[in-house]
Amino acid sequence: MEIQEINTYDEFLELRADWNRLLESAGTNKVFMTFEWMVSWWECYREGKHLKVLVLKDSHGIRAIAPLMLTGNKFFRRLSLIGGYRPDYNDFIVRKGNERDYRILLDYLHDRVDGWDEILLENVPEESALFGIVEGLRDRFLVKVEMTDVCPYIRIGGNSEGILRLLAQKEAKRSHIRKLRKAGELRFRHISNEREMDEALNALIESHARRYHADNIEKALPIELSFHKKLLKNMFCRNNVKFCALELDCEPIAKHFGFGYNNVYYWVKPSFEERYAEYSPGVVMLYFAIKYAVTNGYEEFDFLRGREHYKQRFADNERTVMMVRFYRSFPRYLYCSFIRKAKRLFDQIKGFHLKQT
């Protein structure tokens, strides 16, 4: 076996076909780990970052990938998964049954890759085979594992009829749906035309950015829009984009940009018109999206990270995502902890100063 380091964008692009083929057989196979998602993120957010992708090969071809990037400066250098904290799920791409490949890749990072202070793997799902070998890695690394968040989800599986009955009961109790239907013709649909999706995306991302990035809208909006445009372009051809709209008399009052991948419907980025807030159009759209997923054969509806109240009203399961940090020694761990705390303090002081001015 051998390990190849991918450090350039052109080399990265050459991995597309092998990357997705390997992912289909991996123990962790999530939409955020597809090549299309990764390359879209990299093209928009790569400033100040360097590719450090490891490709493990044997006589049969590629058998595992560590999708890493290097960030930092001369005082602190970090190896992390491409996308950093942004993907709700991330991991090494390792085939089911080949769990020892995690060890091979991490041993290579320990022995052969210089210039890093910390390896940070964020939002690794709890069922990842990585956690089965963590204890065995403590002979070489100081390892820190902590919970990052939870991802509520609905397990559909073979219970589609039961879930549809439960949704029908919820619909009967939802006054908002009845009020909207009295106000006009209510329609839920999935947009299938790429041009229509592209046009609708502008308003959705702007609405979302104004709600969640109001203090930084001028900087956040252009890059967020660019990222989602690339996602749409790169993932539309794979039929992974799920763009739905809730319309009242043909006027969109809520929209959602998400994905359908590996029999999972991902609830990613919803938005709604504020003037219809009293009708809870976002939750009404969510109801119809769940119904769509159930009737179209999806095995799971994933709300992704966060325990928001509206998710808890529908979800019947939770999946924990974890953060794993690796250090070569205890002194290096202490040094990295000091750097992180100093940076947080600096950011707080900087934020306070900006508010004062």
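Laboratory data are not the source of any read-out in this text; all were calculated from the coordinates shown. Everything numeric here is computed off the predicted structure, so don't read it as measured data. No Cβ is skipped: glycine too gets one built from the backbone with ideal geometry, and neighbour counts run over all protein chains shown.
Just order 7-17, 105-115, 297-307 by mean Cβ neighbour count inside 10 Å, highest at the front, would you?
297-307, 105-115, 7-17
Taking the number of Cβ atoms within 10 Å of each Cβ as an exposure proxy, the fewest-first ranking of THR28, THR71, THR34, THR295 is THR295, THR71, THR28, THR34. Amide H contacts under 5 Å for THR28: VAL94, restricted to partners 5 or more places along the chain or on a different chain, H placed in the peptide plane at 1.01 Å from N. About the centre of its Cα atoms, the stretch 157-298 shows a dipole size close to 480 debye [charges on the beta carbon of Lys, Arg (+1) and Asp, Glu (-1) only; nearest 20 debye]. Our compactness index for the stretch 34-92, the C-alpha radius of gyration over the empirical 2.2 N^0.38 Å, is 1.22. Shape summary of the stretch 157-298, radius of gyration then Dmax from alpha carbon positions: 15.7, 46 Å. Each label point was placed 7 Å from the Cα along the Cα-to-Cβ direction; for ARG332 and GLN4 their separation is 2.7 nm. Secondary-structure-derived ellipticity at 222 nm for the chain, considering helices only, amounts to -13000 deg cm²/dmol, per-run term -39500 (n - 2.57) for DSSP H runs with n ≥ 4.
Using a cut-off of 23 Å between Cα atoms, the listed pairs LYS229/LYS291; LYS182/LYS291; LYS242/LYS291; LYS182/LYS311 include LYS229/LYS291; LYS182/LYS311 as exceeding that distance.
Listed by chain and number, the aspartates and glutamates whose C-alpha is less than 14 Å from the C-alpha of LYS179, apart from same-chain residues fewer than 8 away, are GLU171, GLU247, ASP249, GLU278. When we measure straight from the Cα of LYS343, which lysines land under 27 angstrom away, once same-chain ones fewer than 8 places off are left out? Of all the lysines, those that pass the test against LYS343 - Cα under 27 Å, at least 8 places apart if same chain - are LYS49, LYS52, LYS74, LYS144, LYS219, LYS355. For ILE6, the shell of other residues with beta-carbons less than 9 Å away shows a net charge of -2, using +1 for Lys and Arg and -1 for Asp and Glu.
Residues whose amide H comes within less than 5 Å of that of ARG63, counting only those at least five positions distant or on another chain, are LEU56, LYS57, ASP58 (H built at 1.01 Å from N in the peptide plane). Multiplying the residue separation of TYR85 and ASN20 by 0.36 nm and subtracting their alpha-carbon distance yields 21.3 nm.
Cβ crowding within 10 Å ranks CYS244, CYS151 as CYS244, CYS151, fewest other Cβ atoms first.
Mind jotting down a quarter of the surface of the convex hull over the alpha carbons of the chain, in square nanometres, one decimal?
Mean shadow area of the hull around the Cα atoms is 20.0 nm².
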